[in-house]
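S.K.: My questions will all concern the structure given below.
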Amino acid sequence: MLSCSDEEIDGDKYAYSYTNKSDLIINTSEDSYMKFGTIASGENLVFEYRFNAEDDAQIADDEYGETIRFEIDEDLNEFSYSNTELATMKLVFSKDCFCYFPMDVSKNVDPTGSISGQKISDKQWNIKIDVTFYGEDTRTIEERFTLKQ
């Protein structure tokens, strides 16, 4: 699931990619505030930031990863969304770990902040993300996202 724009820093892996002809489906659970996004065939562009922490072979179940996904209209060449506008992007942040995220109304809130992007070629976008998810998890990313082949 990693694109040609992968980076590895001290064993941690980062990937910045997007797919065309896609839609993002948001999945929820009644007993958890954490949401998950699934990429399906569609008519939009779906962007994905992926982080996987270095695994320590000496520690069981220490794996950790996180994903930010969002979609935009495929006809756009640039965009800028903030606060309540973020809902139109189907923006979702998910953690992958051996963790439980019980329902907590203080964390079951919409993301706040901003996301902007500019298309720089047929296969690359410059994306800036400065968003707080679940009322406490802030992510700031400024990277080039590459089309998955």
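S.K.: Outside any loop (DSSP other than H, G, I, E, B), in contact (Cβ under 8 Å) with a residue 24 or more places away in the chain and of a type in the set (Asp, Glu), is that true of residue 66?
M.R.: yes
S.K.: What's the total number of residues in region 79-113 that are surrounded by 12 or more Cβ atoms within 10 Å (Cβ to Cβ), in a strand (DSSP E or B) and out of contact with any helix residue (DSSP H, G or I) (no Cβ under 9 Å at 6 or more places or on another chain)?
M.R.: So the answer is 7.
S.K.: Within region 89-113, which residues are polar (S, T, N, Q) and free of Cβ contacts under 8 Å to residues at least 40 places away in the same chain?
M.R.: Passing the criteria: 106, 112.
S.K.: Tell me, which residue of region 114-143 that is without any contact (Cβ under 8 Å) to a residue 60 or more places away in the chain, farther than 18 Å from residue 87 by Cβ and of a type outside the set (S, T, N, Q) is surrounded by the fewest Cβ atoms within 10 Å (Cβ to Cβ)?
M.R.: If we take residues in region 114-143 being without any contact (Cβ under 8 Å) to a residue 60 or more places away in the chain, farther than 18 Å from residue 87 by Cβ and of a type outside the set (S, T, N, Q), then 122 is surrounded by the fewest Cβ atoms within 10 Å (Cβ to Cβ).
S.K.: Here is a list: 61, 75. Which entry is out of contact with any Cys (no Cβ under 7 Å at 6 or more places or on another chain), modelled with pLDDT of 95 or more and open to solvent by 80 Å² or more (accessible area, probe 1.4 Å)?
M.R.: The match here is 75.
S.K.: Right, another one. Determine which single condition residue 116 fails, assuming it passes every other condition in (1) within 20 Å of residue 33 (Cα to Cα); (2) in contact with a Ser or Thr (Cβ under 7 Å, 6 or more places away or on another chain); (3) modelled with pLDDT of 95 or more.
M.R.: Evaluating residue 116 over (1) within 20 Å of residue 33 (Cα to Cα); (2) in contact with a Ser or Thr (Cβ under 7 Å, 6 or more places away or on another chain); (3) modelled with pLDDT of 95 or more leaves (1) as the failure.
S.K.: For the subset of region 1-31 comprising residues that are closer than 24 Å to residue 88 by Cβ and of a type in the set (Ser, Thr, Tyr), which member is modelled with the lowest pLDDT?
M.R.: So, considering only residues that are closer than 24 Å to residue 88 by Cβ and of a type in the set (Ser, Thr, Tyr), the one modelled with the lowest pLDDT is 29.
The values are calculated or read from the model by the stated rules, or taken from the named source; none is laboratory data. Keep in mind that what you see is a predicted model, and the values were worked out from it rather than measured. Methodologically, a virtual Cβ is constructed for each residue, glycine included, from the backbone with ideal geometry; neighbour enumeration extends over all protein chains shown. Calculation scope for accessible area: heavy atoms of the full protein, side chains included, ligands and nucleic acids excluded. Shrake-Rupley method; radii C 1.70, N 1.55, O 1.52, S 1.80 Å.
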